[in-house]
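Structure record follows, encoded as structure tokens.
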Amino acid sequence: MTAVGPRLLTDRDELETLFDELGAELTRLGTTAEVVMVGGSWMLWHSQRASTRDVDSARRFDTDISEAVERAGFNHDLSAGWLNDAAAAFWPSGASYDDCEVVYQQGPVLVRTPSPDIIFVMKLYRAHPQDREDLVTLWPRAIIGSSDLGVDVAAAAAIAPPLLRAGIPDNPPTTNIGSHAIGAVVLVSVMDAPQSGPQ
């Protein structure tokens, strides 16, 4: 018998429902949560991907909300860690949480989303095979306008594996990082590289 893993999240309405149910659980526990939504859930929220396995927060949670997360996801057949803050490790040093847009706010739950630039840099740092497809999608939307963020792009490009290097046009949509060479180093992989499922 083939094992069946946790199901995928497939649309923005479902994310909002989960945030509603998370809020009810947090209210019961008397605590709050601020989510800076990135990764596949950011892509799904902005209709840039068909599905994702979880909701990644780039901001560490102030308190342990694992019980609320597990209870909210239980009725949806989601894994206990469907909402997690592991992505905080990839948050660019030149970015600010305060610049993120508030896209959901109900009761104890606040959800922000950063700009496509931030998602682009984070995915370049993470360099998972699925990120290649997301980076291709994000590329036309990314305007790397901050010199601080540009440093993150250059650093991420330098450590990105060959899977993600070369192939992007030589004129990326950057405004001032003084580094059009990024386009020669960053992104889009060998087209027949192995692909993974949603992340």
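Here, each number is a calculation from the coordinates, and none is a lab measurement. These figures come from a predicted structure and were not determined experimentally. FYI the Cβ positions are ideal-geometry reconstructions off the backbone, even for glycines, and counts take in every protein chain you see.
Here the Debye sum runs over all C-alpha atoms of segment 1-105 as equal scatterers in vacuum, and log10 of I(q)/I(0) at q = 0.11, 0.15, 0.20 Å⁻¹ comes out as -0.33, -0.62, -1.09. For segment 12-114, the antiparallel share of DSSP beta bridges with both residues in that region comes to about 55%. Leu8 sits among other residues whose Cβ lies under 13 Å from its own Cβ, and their net charge, with Lys and Arg +1 and Asp and Glu -1, is -1.
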